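Take a look at the structure set out below.
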Amino acid sequence: MPTATALDQATAMIEKTWGQPIEILETIAVQRPSEDPLLRSAMHVRSALAITDNAVAVHQNRLHALTRPGYVPAFYELNQITSSAADLRVAHAESQTYLQSIRRVVEAREAAATADRTPAVRLAQAAVARSGHAPHTTGQVPDPSTPSAVAGLSAPALGPRR
């Protein structure tokens with residue numbers, strides 16, 4: 001059973017986060033990029049990951065062809081084996097970097113969703129607290145014994161300034 005590639009993992013992560021198939025999300029990211037910039041960013045990184053994922057497959061196939069069972073590579077092919085193995089490691093590292101980047105975009109989306117809810121909850125709590133402290137009726141004048149808050153600049157302080 002083949003293991004999931006980095007592209008498969010990224011696709012599953014994006015679909016789970018945005019709750020729609022990748023084909024629909026690609027369309028939304030292209031047609032309405034300003035609607036969800038984090039989606040656009042994730043899709044952009046995913047397209048770069050698709051290229052790197054293809055490079056991983058090419059390097060793996062080349063390496064398997066040069067090291068297949070029963071095949072003894074010629075002396076001049078040893079350099080090709082070494083460079084293919086190094087290229088495969090680089091492509092794997094790039095894939096993991098792109099996948100980590102998509103994880104960070106997903107985390108940013110979740111943090112933004114949480115941050116959007118937090119001020120609303122605090123504002124609602126503050127509104128409830130204010131309404132409980134000072135019940136107002138229509139046409140009632142506030143009590144003059146309560147000092148009003150004065151906003152403005154204070155008088156300059158006397159003495160030398162540094």
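Read-outs: derived from the displayed coordinates by stated rules, not from any lab. Bear in mind the structure is a predicted one, so any value in this text is a computation, not a measurement. Neighbour counts are summed over all protein chains in view; Cβ atoms, including those assigned to glycine, are modelled from backbone coordinates with ideal geometry.
Before moving on, here are some points about what is shown:
- Any pair with Cβ under 7 angstrom, 6 or more apart, that starts in segment 97-109 at a residue that is surrounded by 15 or more Cβ atoms within 10 Å (Cβ to Cβ) and ends at one that is among the polar types (S, T, N, Q): Y98/T52; L99/Q9; V105/S41; V106/T17; R109/T17
- Count of segment 1-25 residues, restricted to those that are of a type outside the set (S, T, Y) and farther than 21 Å from A112 by Cα, is 11.
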